[in-house]
Amino acid sequence: LADFQAQAQPGDQRTLTTKIADLLARMPASDAKKSEMDMEEMAGFGAEGLEDMVNMLSPAGQGDNTALQYALSGFSNYAGKPGNEKLRELAVAAYGHGLEKMADKGNKAFIIRQLEAVGNDAAVGFLSPYLADEQLADPAARALVRINTAGARKALLDALPAASGNTRLTLVEALGDCRAKEAVATISAFLN
């Protein structure tokens, strides 16, 4: 990560807020090379900068999130590439902590989808609380299916007994998609 920070702009005295604003003004990048340079610059912002970007998302109907969503989605794709494990960890931490602070469910769903793209076992704790939310259970379950670790399957299984209606169906489907053998007994009880 230090390499990314050193490359960002040596001797650059702009504030983090200004750097973020400048980056967003360039979105979307005009070509793949510029896009990669923008993603490297975002990596240089560190967890604090990425979390600041997450926290800049406006609630539905109160602003235009296009550039922010484009930048964050681009970073998720960039960090999710093989060999970018440090960036993946950075993104999971920033997205997870940002998710905890936001109220707008549309923005929460967007960040949950970013966690789906970069998620690893460290994301499970950030995603688990949303398995009980009727609006957010589906994106959270999808993210956990993609992560598909023992911890992710346990989170899905642990949420199942308290779930009802569509949320229960979402969790059952997610456990099936994970091929979670440990869920057979619990799911079978619902069939009776």
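The values are calculated or read from the model by the stated rules, or taken from the named source; none is laboratory data. Keep in mind that this is a model prediction, so the values were computed, not measured. Reconstructed Cβ throughout: ideal geometry from the backbone, glycine too, with neighbour counts over all protein chains shown. Note: areas computed on protein heavy atoms with side chains; ligands, DNA, RNA excluded. Shrake-Rupley method; radii C 1.70, N 1.55, O 1.52, S 1.80 Å.
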>> So for segment 107-123 (the condition being under 8 Å from the mean Cα position of the chain (by Cα) and assigned to a loop (DSSP other than H, G, I, E, B)), does at least one residue qualify?
In response: yes
> Would you pick out the residues in segment 166-182 that are closer than 19 Å to A109 by Cβ and open to solvent by 50 Å² or more (accessible area, probe 1.4 Å)?
Replying inline: N166, L169, E173, D177
>> If a residue must be out of contact with any Phe, Trp or Tyr (no Cβ under 8 Å at 6 or more places or on another chain) and either within 19 Å of N166 (Cα to Cα) or open to solvent by less than 10 Å² (accessible area, probe 1.4 Å) (or both), how many such residues does segment 135-156 contain?
In response: 11
> Filtering segment 97-117 down to residues that are among the hydrophobic types (A, V, I, L, M, F, W, C) and more than 14 Å from T149 (Cβ to Cβ), which residue is surrounded by the fewest Cβ atoms within 10 Å (Cβ to Cβ)?
Replying inline: A103
> Given the conditions (1) crowded, with 19+ Cβ neighbours inside 10 Å; (2) modelled with pLDDT under 95; (3) under 27 Å from L24 (Cα atoms), which single one is not true for L72?
Replying inline: (2)
> So, in segment 14-44, of the ones that are in a helix (DSSP H, G or I) and either farther than 20 Å from A94 by Cβ or in contact (Cβ under 8 Å) with a residue 60 or more places away in the chain (or both), which residue ends up most open to solvent (accessible area, probe 1.4 Å)?
Replying inline: K33
>> Which condition from (1) among the aliphatic types (A, V, I, L, M); (2) open to solvent by less than 30 Å² (accessible area, probe 1.4 Å); (3) at pLDDT below 95 is the one that A94 breaks?
In response: (3)
> For segment 47-68, what are the residues that are among the β-branched types (V, I, T) and either in a loop (DSSP other than H, G, I, E, B) or open to solvent by 30 Å² or more (accessible area, probe 1.4 Å) (or both)?
Replying inline: T66
> Does any residue in segment 172-189 that is in contact (Cβ under 8 Å) with a residue 24 or more places away in the chain come within less than 6 Å, Cβ to Cβ, of a residue that is outside any helix (DSSP H, G or I) and not charged (D, E, K, R) six or more places away or on a different chain, and which pairs are these?
Replying inline: C178/N148; T186/L160
>> When the residues of segment 164-192 are narrowed to those that are small (G, A, S) and either part of a helix (DSSP H, G or I) or more than 25 Å from A117 (Cβ to Cβ) (or both), which ends up nearest to the chain's Cα centre (by Cα)?
In response: A174
> Do we find that A132 is open to solvent by 50 Å² or more (accessible area, probe 1.4 Å), over 13 Å from the mean Cα position of the chain (by Cα) and under 21 Å from E182 (Cα atoms) in this structure?
Replying inline: yes
